[in-house]
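The values are calculated or read from the model by the stated rules, or taken from the named source; none is laboratory data. All of these numbers come straight from a predicted model, not from anything done at the bench. Counting neighbours? That spans all protein chains shown, and the Cβs are built from the backbone with ideal geometry, glycine included. Keep in mind that these areas ignore ligands, DNA and RNA; they rest on the heavy atoms of the full protein, side chains included. Shrake-Rupley method; radii C 1.70, N 1.55, O 1.52, S 1.80 Å.
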Amino acid sequence: LKLFKLLHRTRQEVFKNDTRALEAARQKINEEFRNNRDETSEEKINELLKIASDVEVILRTSVIQAVHTDSDKI
């Protein structure tokens, strides 16, 4: 649950003011957690948590949002 909340907080920071990206990320996060909620294998759960953690780091450190300020400036 902690990682789920962290991913949503990161999503809100990274995609601030981009409603389409916010909604797409929200749906994907929820879908992935929903699809794996019945997983019982500890090994598989740890693997999924590692992937989610890696995704959070990538979102926080590698995604760039740009805004056009003029016809030739971003």
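What the table shows:
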| quantity | calculated |
| --- | --- |
| Among (1) in a loop (DSSP other than H, G, I, E, B); (2) under 16 Å from Arg11 (Cβ atoms) - the single one Asp38 does not satisfy | (2) |
| Restricting segment 52-71 to residues that are hydrophobic (A, V, I, L, M, F, W, C), open to solvent by less than 80 Å² (accessible area, probe 1.4 Å) and assigned to a helix (DSSP H, G or I), the residue that is farthest from Asn17 (Cα to Cα) | Ala52 |
| Subset of segment 31-41 [over 16 Å from Leu3 (Cα atoms) and open to solvent by 80 Å² or more (accessible area, probe 1.4 Å)] | Asp38, Thr40 |
| Pair list, Cβ < 9 Å and 6+ apart or interchain, from segment 15-42 residues that are farther than 16 Å from Val67 by Cα to residues that are among the basic types (Lys, Arg) and open to solvent by 70 Å² or more (accessible area, probe 1.4 Å) | Asn36/Lys44 |
| Yes/no for Leu49 being surrounded by 10 or more Cβ atoms within 10 Å (Cβ to Cβ), assigned to a helix (DSSP H, G or I) and free of Cβ contacts under 8 Å to residues at least 40 places away in the same chain | no |
| Extreme residue, modelled with the highest pLDDT, among residues of segment 10-27 that are among the basic types (Lys, Arg), open to solvent by 70 Å² or more (accessible area, probe 1.4 Å) and in contact with a helix residue (DSSP H, G or I) (Cβ under 9 Å, 6 or more places away or on another chain) | Arg26 |
| Which listed residue is over 12 Å from the mean Cα position of the chain (by Cα), modelled with pLDDT of 90 or more and part of a helix (DSSP H, G or I), from Glu43, Glu31 | Glu43 |
